[in-house]
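The values are calculated or read from the model by the stated rules, or taken from the named source; none is laboratory data. Just so you know, these numbers come straight off a predicted model, no measurement behind them. Because the Cβ atoms are built from the backbone with ideal geometry, glycine has one as well, and the counts that use them run over all protein chains shown. For the accessible areas, the whole protein counts, side chains as well, though only heavy atoms, and no ligand, DNA or RNA atoms are used. Shrake-Rupley method; radii C 1.70, N 1.55, O 1.52, S 1.80 Å.
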Amino acid sequence: MKDLWDLFRVFAQIGALTFGGGYAMLPIIQEEIVNKRGWATDEEILDYYAIGQSTPGIIAVNTATFIGYKRKGIIGAIVATLGMIFPSIVIITIIAVFFDQFENYQIVQHAFAGIRVAVAALILNAIVTMWQKAVKDYIGIIIFLVSFFVVAFLDVSPIWVVIISFIVGIIIKHKKVDSK
Amino acid sequence: MIYIKLFFTFFKIGLFAIGGGLATIPFLQELVDKYGWITSHELLDIIAISESTPGPIGINAATYVGYKTGGVFGGIIATLGIVTPSVIIITLIASYFGKVHEKPVVQHGFYALRPAVIGLIGAAGFEVFKIALFNLDLFFQTNSFLSLFNFKAIILFGIIMLLMKRFKMHPVVYIGIAALVGIIFKY
């Protein structure tokens, strides 16, 4: 019981103290999980991250599930995940309740009109950063353009883009391996 | 039952949003178009709030959309929905498959999936741009080309992009700056 409580508490703490998921969480996960508690090694954490990135779902949650499972099986996986999402549920619910009451104030509307511009910039910045890492050749550019076009203008569901592009990747790479 | 619908909709998002961070946004955009649970303005506010509060962005956004749609309980259900696929898939991988990211079939799939995900985020970004930087409604009313551009917003956008290139600060800093500019210059 104490082990499960520890899992919950540690991941709740990580969830409450990091802004933004993914790699923003890596240093604190290393500190809490590897250095302080020895629940995993640095190499294991990096593996969990790599796996978390190449599997569906939110990377931070995938990593929490992994560590929870390694410690205490399926119950551990569930408890670690619940710990990770607990602070978000509490904090966001409180903010949402307040925001509902204040959103019609003039000053809040001005602030959020400005904030929306920042969000546009953050998204463009994320796209540029991801592009530099992931688009390596003209095939990548074509896939990007097709994906953008069908979702932005033809209202195709992103789900289809994910499934079809994954299959396309396997086919293209498979042919390349064959032709070598 | 709204709760069952919330759970399964977010379950689907958890199953298909791959690549972390902003990867959930295209799917949330789809909620705006398909179900009308939130407006596109609200989605932008939710992204901003999710980036400026502790916790993973996808989780924060799920809680927020769930709350908007079904109150406090809706927020909890949506969040549980988005993480359930992770728990199932990661448990399976941990017990049977090991280092999936090193398997050729996964690497091959991701070769095309990564650019496609950028395209998805680009499409969601396109909607964000329309709202944040342009006045489409005003343009269709007046038919004047100049009224299409929200110049105040475009200037702020340029400044923030420059700041981001120059200083790699946390997103919450830029969101804070933009909020202040918005208040002072009455955006």
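Brief remarks on what is shown
- Added length on full extension, which subtracts the Cα-Cα distance from 0.36 nm per residue, B:His41 to B:Leu136: 32.8 nm
- Remark on the stretch B:70-100: accessible area falls by at least 40 square angstrom from chain-alone to full-complex state for B:Val83, B:Ser86, B:Val87, B:Ile90, B:Thr91, B:Ala94, probe 1.4 angstrom.
- Measuring between alpha carbons in the structure, the pairs from B:Lys68/B:Lys130; B:Lys130/B:Lys165; A:Lys133/B:Lys68; A:Lys133/A:Lys175 lying more than 26 angstrom apart are A:Lys133/B:Lys68.
- Highest-MSF residue in chain B out of B:Val105, B:Val172, B:Val32 [GNM, Cα springs under 10 Å]: B:Val105
- Accessible area in square angstrom per residue, chain B, 1.4 angstrom probe: 43
- Accessible carbon and sulfur surface of the stretch A:70-169 relative to its total accessible area, %, 1.4 Å: 73
- Accessible area (Å², 1.4 Å probe, nearest 10) - A:Glu103: 50
- Excluding ligands, DNA and RNA and using a 1.4 Å probe, chains A and B jointly bury around 8100 Å² of accessible surface, summed across both partners.
- Summary of packing: across the peptides A:30-42, B:150-162, B:124-136, B:80-92, the per-residue average of other C-beta atoms within 10 Å ranks them, highest first, as B:80-92, B:124-136, B:150-162, A:30-42.
- Accessible surface, per residue, of the stretch A:1-95 when the full set of protein chains is kept, probe 1.4 Å, Å²: 40
- Partners for A:Lys70 among lysines (Cα-Cα distance below 19 Å; same-chain residues under 8 apart left out): A:Lys2, A:Lys36, B:Lys99
- For the stretch B:2-100, a/c is not less than 1.5, where a ≥ b ≥ c are the root eigenvalues of the C-alpha gyration tensor, and a/b tops b/c. That puts it in the prolate class.
- Average partner coverage of B:159-171, which counts Cβ from other chains inside 10 Å: 3
- Gyration tensor (alpha-carbon) shape descriptor, the protein assembly as shown, a/c threshold 1.5: oblate
- Computed on chain B, with alpha-carbon pairs under 8 angstrom and 6+ residues apart, the relative contact order is 22 percent.
- Cα shape, chain A, gyration tensor, a/c 1.5 rule: oblate
- Local net charge near B:Thr24, Cβ-Cβ under 13 Å (Lys/Arg +1, Asp/Glu -1): -1
- Inter-centroid distance (Cα atoms) of the stretch A:98-150 relative to the stretch B:86-137, Å: 15
- Those lysines that a straight Cα-Cα span of less than 18 Å connects to B:Lys186, excepting residues fewer than 8 apart in one chain: B:Lys152
- The share of accessible area on the stretch B:2-100 that comes from carbon and sulfur is 69 percent, using a 1.4 angstrom probe.
- Label-point separation, A:Ala24 to A:Gln101 (7 Å along Cα→Cβ), nm: 2.6
- Among B:13-19, A:135-141, A:9-15, B:38-44, sorting by the average number of other beta carbon atoms lying within 10 angstrom of each residue, highest first, gives B:13-19, A:9-15, B:38-44, A:135-141.
- In order along the stretch A:158-173, the phi-based Karplus estimate (6.51 cos²θ - 1.76 cosθ + 1.60, θ = phi - 60°) of 3J(HN,Hα) comes to x, 4, 5, 4, 4, 5, 5, 5, 4, 5, 4, x, 5, 5, 4, 5 Hz; Gly and Pro are listed as x.
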